[in-house]
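The values are calculated or read from the model by the stated rules, or taken from the named source; none is laboratory data. Only a predicted model underlies this, so the values are computations on that prediction, with no experimental measurement involved. Here the Cβ positions follow ideal geometry from the backbone for every residue, glycine too, while neighbour counts run over all protein chains shown. Heads up: the accessible areas ignore ligands, DNA and RNA and are worked out on the full protein's heavy atoms, side chains in. Shrake-Rupley method; radii C 1.70, N 1.55, O 1.52, S 1.80 Å.
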Amino acid sequence: MPTGYTRRPMADEKAITRKSEDFDRWYTDVVRRAELADYAPVRGCMVIRPYGYALWERIQRALDDMIKRTGHENMYFPLLIPESFLQKEAEHVEGFAPEVAWVTHGGQRELEERLAIRPTSETIICSMFAEWIHSYRDLPVLINQWANIVRWEKRTRLFLRTTEFLWQEGHTFHETRAEAEEEVDRMLDCYRELAEEWLCLPVIPGRKTDAEKFAGAEYTLAIEAMMSDGWALQAGTSHFLGQNFTRAYGISFTDRDNAQQHPYQTSWGLSTRIIGGVIMGHGDDAGLVLPPRVAPVQAVVVPVVRSGDPEGTAAVDETCRRIESAAGEVRLRVDRRDGIRPGEKYAHWELRGVPLRITVGARDLATGRVTVTRRVDGESWTEPADGVAARLPELLEEAHRRTRARADRTLGERSVEARTLDDLRRAFAERPVFANVPFCERRACEETITGAAHALTIRVLRRDRSGEPGRCIACGEPASEVAVVARAY
RNA sequence: CGGGGCGUGGCGCAGCUGGUAGCGCGCUUGCUUUGGGAGCAAGAGGUCCCCGGUUCGAAUCCGGGCGCCCCGACCA
């Protein structure tokens, strides 16, 4: 157990740290108290608990459907990668070298060649497809795998950066540059759709600067989400690899003109980190706030009964049963735990972010009604007891809209335009924001910008900019891009 | 990898001018409660991170390990 983790004594021992008091501690409190995950015995590793894993499975399903719909097939490559494979693409090795974990022994015997535990799978995938791709008729190759990844991180945080994490990595090979570039865009848009339509997280799509791109890529696209403290989270990346790897790994095909060519390649990934984004994007002082479409439990029914009131109790039981059986596709749970008072049940499910709560008690039932409470904004009202189950899909949609609207508002309120470095400094002196700044793409200017205030980074070069960017905030030369400057997780 | 902090029942901590371990929460059982984290009663649970040293005696003092957390440079 983490021993330096000390909770300040507070009025209510059972409450989590307030978000405004200490955001980082609030985050850890939520993850652990909502039973999403816990620290494992090995440094930087975590156990994803059933509730957290159920959330991941929901996200997985939504994304997997999109991946299949766009024509990809799942397959699986091995965890262990020979060192020599990793070394074929120079920039790639260099980029990943500091964080690769190595297997050096099999049983008692030392291996002749060290094996890397995959930090990503481009190398092994290329080495296999070098054997399978011969003709333009073999292209495009559109594959994906769901896998675990190990990267030896110096500093870890539950979900956001763990030594081992889960993700999907898509890998594709194409005849032409244009086709591959379309693929990079298409998959980034899937990530955008996942974030916005499923997770209620508005994101800014764009291109990474050369300093921030994937090791070995020609360019990297990413979606950046804003957490409720104004910090940025890279939530998904899509890389155009050009022919960098296919050349290095000797993948070639005979094209339509009977000439030998190297295919153009892409890769794209989204990891369990996104769960951290959901937590930090929507959570509040009571705990998690889950987007309804991925919430493992979408509605919870809390019965409230009084002892010495057998008729009332029977009516409550009966109503709970009816709601339960009429819930249909809605993921609904009745909290029948005995000996726990309603107040504690409320707190329990609020901490876990369940979007809707239905309180079934004798008081409301006297008029044939139940009370519904919406997690995201705490609003509460009554519904007819015998109609509430049928209304749930609609109520969940409303909860979805409100969750999304609130996140949109945060992003809007915390986005600023900066024309000068002084603007930039002033903005960040107040609070963390997304600052849109004109940028000329020169490395020196990037350093000037990120050095303007503490811990600034260029998140993405916006792809949705309109009009001419103006003059570079750092050097005053004509700018080619609008950069989003923010502090990032 | 640099700086700091901390290792004591499941969790959070106290005990650290050496004398054989305590509090809160949680857990178990029973009764009473139940519309915002319940009350009473009884109970279970500890190689005080590890190794060595000092001492009649070490959770406490000394040395050495290991681990974890937090803050900075690198990263999905």
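Brief remarks on what is shown
- Tabulated pairs, the range A:332-347, first more than 7 Å from RNA strand B (Cβ to nearest atom), second small (G, A, S), C-beta under 9 angstrom, 6+ apart or interchain: A:L332/A:A299; A:L332/A:A389; A:R333/A:A299
- The residue that is least open to solvent (accessible area, probe 1.4 Å), among those in the range A:20-37 that are within 13 Å of A:L160 (Cα to Cα) and within 10 Å of RNA strand B (Cβ to nearest atom), is A:Y27.
- Between A:A97, A:A101, the distinction of being among the small types (G, A, S), surrounded by fewer than 16 Cβ atoms within 10 Å (Cβ to Cβ) and without any contact (Cβ under 8 Å) to a residue 12 or more places away in the chain belongs to A:A97 only.
- Within the range A:147-163, residues that are in contact (Cβ under 8 Å) with a residue 24 or more places away in the chain have Cβ atoms under 8 Å from residues that are more than 6 Å from RNA strand B (Cβ to nearest atom) and among the basic types (K, R) in these pairs: A:A147/A:R118; A:I149/A:R118; A:V150/A:R118; A:L158/A:R32, counting only partners at least 6 apart in sequence or on another chain.
- From the list A:G95, A:G107, the lone residue that is at positive phi, out of contact with any helix residue (DSSP H, G or I) (no Cβ under 6 Å at 6 or more places or on another chain) and of a type outside the set (F, W, Y) is A:G107.
- A:D138 meets each of the listed conditions (1) within 19 Å of A:S267 (Cα to Cα); (2) surrounded by fewer than 13 Cβ atoms within 10 Å (Cβ to Cβ); (3) acidic (D, E) apart from (2).
- Residue list for the range A:159-183, restricted to those being open to solvent by 30 Å² or more (accessible area, probe 1.4 Å) and among the hydroxyl-bearing types (S, T, Y): A:T176
- In the range A:186-221, the residues that are farther than 13 Å from A:G236 by Cα, among the small types (G, A, S) and open to solvent by less than 30 Å² (accessible area, probe 1.4 Å): A:A215, A:G216, A:A217
- For the range A:161-187, residues that are within 13 Å of the chain's Cα centre (by Cα) and either at pLDDT 95 or above or β-branched (V, I, T) (or both) total 2.
- If you go through the range A:295-331 and keep only what is without any contact (Cβ under 8 Å) to a residue 24 or more places away in the chain and either on the phi > 0 side of the Ramachandran plot or among the aliphatic types (A, V, I, L, M) (or both), you end up with A:G308, A:A314.
- Selection from the range A:226-235 of residues that are within 11 Å of RNA strand B (Cβ to nearest atom) and open to solvent by less than 20 Å² (accessible area, probe 1.4 Å): A:A232, A:L233, A:A235
Matching residues to (1) under 20 Å from A:A101 (Cβ atoms); (2) within 14 Å of RNA strand B (Cβ to nearest atom); (3) not β-branched (V, I, T):
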| position | (1), (2), (3) |
| --- | --- |
| A:P119 | yes, yes, yes |
| A:I125 | yes, no, no |
| A:N144 | no, no, yes |
| A:R151 | yes, yes, yes |
| A:T163 | yes, yes, no |
| A:A178 | no, no, yes |
| A:E181 | no, no, yes |
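- Of all residues making up the range A:357-389, the number that are closer than 30 Å to A:G276 by Cα, touching a residue at least 60 places away in the same chain (Cβ under 8 Å) and more than 10 Å from RNA strand B (Cβ to nearest atom): 1
- Among all positions in the range A:477-484, there is at least one residue which is over 30 Å from A:F23 (Cα atoms) and not in a loop (DSSP other than H, G, I, E, B).
- The range A:419-429, residues that are over 27 Å from the mean Cα position of the chain (by Cα) and either assigned to a helix (DSSP H, G or I) or in the same structural domain as A:W231 (by TED's automatic domain parsing) (or both): A:L421, A:D422, A:D423, A:L424, A:R425, A:R426, A:A429
- Residue in the range A:104-121 that is part of a helix (DSSP H, G or I) and either under 29 Å from A:A211 (Cβ atoms) or among the basic types (K, R) (or both) present: no
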